[in-house]
Amino acid sequence: MEAEQRFHLELEAMQQRQAGVEADDAELTARRTYGSVMYYGEEVRRMTVLRFIDALTQDLRYALRTLHRNPGFALVSVLTLALGIGATTAVFSMVNTLLLRPLPVSHPEQLVLVNEQRVGAASWWLGQEQVPYDRFLAYREGTREIFSGLSAQRQVSFSLRFGNEPATAVTGAIVSGNYFDVLGLRPAVGRFFSADDEPAVVLSHRLWQSRFSGDRGVVGQTIYLNSRPYVIAGVAPGGFRGTTALATHELWVPARSAPLGEHAGFMRDWVAPFGRLRPGVSLEHAAAVVNAVAMRVPPGEPQSRVRGARVEPMTPVPARAGRSIARDLEMFLTAAILVLLIAGANVAGMLLARASARRREIAVRLAIGAGRWRLVRQLLTESVLLFLLGGAGGVLLTLWLSRIFAAWGPALPDGAVLDLTPDLRVLGFALALAAVTGMLFALVPAVRASSAEVAPTLKDGAERGSGRTRGRSVFVSAQLALAVVLLVAAGLCVRTLRSALAVDPGLDPDDVVVAAIDLAPNGYDEVRGRAFYRSLLERVRALPGVESAGIAQLVLLSGMSDGNDIESAEVGPSGRTRTNAWYDVVDPDFFRTLRIPLVAGRALTDADVAGHAPVIVVNQELARQLWPGESPLGKHVRTFGRDWEVVGMTRDGKYANVTDNAVPPFMFLSFAQRYSASMTLHVRSRLPASQVIHEIRAQVRALDPNVAVGAEPLTDVIGTTLLQQRFAAWLIGVFGLVGMLLAAIGIYGVLAYYVAQRTREFGIRLALGARGGDVLRLVMRRGALLIAIGTAVGLGAAAATTRVLRGLLYGIGPLDPVTFVVAPLVLVAVALVACWLPARRATRTDPIIALRAE
């Protein structure tokens, strides 16, 4: 029994050992099989990639040889595509600079703006709401848990003097001492200040290069800002001009070393706060903490109420200002894409014609066994290569345009500088754009070219059907339609600009130079300030060639305006009439200098001085609102806490912008009865503006070398307010002309191809007695049909799309009949000339030469 049990146990153990061996063998076999499969799979994938690379290399070599054999076709195509891709890339470069390019600081994604929501007294800078400096300090103290640093800035115009040089006006910023630390910047030369009260200044790299010739020895030297000494601590890194693309700062001064109170005026001590989030702090958590601090800290002004605060990412263009800019850029980008579509359609038409010329080659390749999709791939490679070369040309065009814009572009407000030099993002966009458009526009020509009929083509070299002619006609009609849309949009922008320039503003800006002067930063009180302006006016009026000179607090038509509540002092049947009126503070010669006509009463005189009854001059709109149907002369109004007598009335005009549709109520106050330290000199002279500006600077320097002067012709100031309209008219106008030229080239190519295909037919017609005029009409009739179809479609598309321009237009509507008639007529005229050239060639066909092949 024991022997039997021992036998079974040994048998079971042997079976288990055998099963284990078999299992090990099976596992080993499986591993070997899996390894073989994986190895061969990797080999298959590697061979597939190698074959693809080899085929692509072969296709590229063949494409280069093909383009080299046809240099004329390649050159025209590349230039056409360079125009389209270059236009789109140039506009995208603007989008990149203003909306996509990050701030040139350390970890810009951690920076946020703090926007306080207020009711009552409020101050805005480039879309960001500012707060009083003491309130900023309360925010900085209460948000240490979320911000590694909270800083603030205030844009200020400084009078800069160095050594014995005359003072010049520069745009800078008063900032908190931790400004550069929060931004994470390192100085190019020297050091940064670190305290709010350090008497030091940091220069921008551009100011250091232009004013101090890049001399490192300026660090430690003293300059004078608003007559106060400051030690140059260092130079900011190159490329940093401030935290926004909409203004350029040339220097930075700590807030407590330049007391904000010396910039006397309403809300001059308010600043725009921004901070750097601590690691791990979300935007939502930061917003909650900032909002709690805003509600906890009293506003500090009895007329204000704080409703809370919010935070938003800090970008080169603040979100509020960015929305308006984004709308304009969207419009410009749309126009550029239309140019690209016209260029792409033009090249697609040329590719169809070229494929027709290569029909025998394609038929031979099909006959000897080439697959259709292999041919499509080859043709697509050639076309995409062509588009990529066009993209490279577009990048070069963008680079050239960026340099032209930097040298000759319009002067931007607040000294802003737009660097449109292409970077890697722009280059990537151009490359992707070229590749995508190449695939889209080359696919149809490639597919149609690969469908050649082998037998007929090899037999007599001809291919049946007129599909390619129809395909090119469709492309040309689309080009014409898009060109109509562009020309209509350009016409609307040009007519808007002409309407704005032709409007009667109620004054004469020609031959007037304006010079802005601010005495408050230089410590002038009212007595010294009045004496300075009186002496300056006497000196300027005595200059040869000066017809008249006056001063005003604001420059009319400069985009700026000031307003205040005003009410009639007399009690009428319904009580005192109250309204809000814009105002300017002027001297008696201001009206004569700007030639502002009066319709009733008199202008201000030298007798209207302090201590006498306060007097004002009103416009017709203010008189209508306060005393409808009555003469305003002798009436009294209450404003600025005093009663004023109306002594004159001017006719209505434009005051802030020439494109303002509504006329606001307006009043002129006497400078002798309401002093302002910041005034603008207005000088009318027939002399060149540059000479007048030089003389004004010389007279100011003779009175006080520490006072800076910013002078320019009044027409240039007005032109700055029309920058949006001017830029739109120029850019879209250029796009429209390019689109029209490309469309004309397209229709010329279609008809030239049409004439070449029907040369035998025209020869037979002429041999049978047809006249040249008959052939001319036949060709022109086909061209006219294409023009009519494209124009009709384009007008419909323009009527549907130009409504997006409504916010940009002035004096006309988006369906302006003159534009919708003239723009298509111009295109039709150019297109008919393009049709006439091949039609004229058809009439000169020699029947003998045309029929020789028969």
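The values are calculated or read from the model by the stated rules, or taken from the named source; none is laboratory data. On a predicted model such as this, the values are computed, not experimentally measured, just so you know. Counting neighbours? That spans all protein chains shown, and the Cβs are built from the backbone with ideal geometry, glycine included. For accessibility, only protein heavy atoms count, side chains too; no ligands or nucleic acids. Shrake-Rupley method; radii C 1.70, N 1.55, O 1.52, S 1.80 Å.
Around the Cα centre of region 101-252, unit charges on the Cβ atoms of Lys, Arg, Asp and Glu (plus for the first two, minus for the last two) sum to a dipole of about 380 debye. Between residue 444 and residue 423, the simple label model (points 7 Å from Cα in the Cβ direction) yields a spacing of 3.8 nm. For region 733-854, the carbon plus sulfur part of the accessible surface works out to 68%, probe radius 1.4 Å. Modelled label positions at residue 770 and residue 576, each set 7 Å beyond Cα in the direction of Cβ, lie 8.9 nm from each other. Among the GluC sites (Glu not before Pro) found in region 83-192, those both in a DSSP coil and sparsely packed, with 12 or fewer other Cβ atoms within 10 Å of their Cβ, are 145.
Averaging the Cα positions of each part gives two centres, and for region 484-517 and region 312-350 these lie 24 Å apart. With both labels modelled 7 Å from their Cα along Cα-to-Cβ, the residue 288 to residue 661 distance reads 4.5 nm.
Working out 0.36 nm times the residue gap between residue 53 and residue 141, then minus their Cα-Cα distance, what length gain in nm do you get to one decimal? Length difference between fully extended and current span is 25.5 nm. Charged neighbours of residue 204, selected by a Cβ distance under 13 Å, balance to +2 (K, R count +1; D, E count -1).
Put the Cα centre of region 166-201 next to the Cα centre of region 804-839 and the gap is 53 Å.
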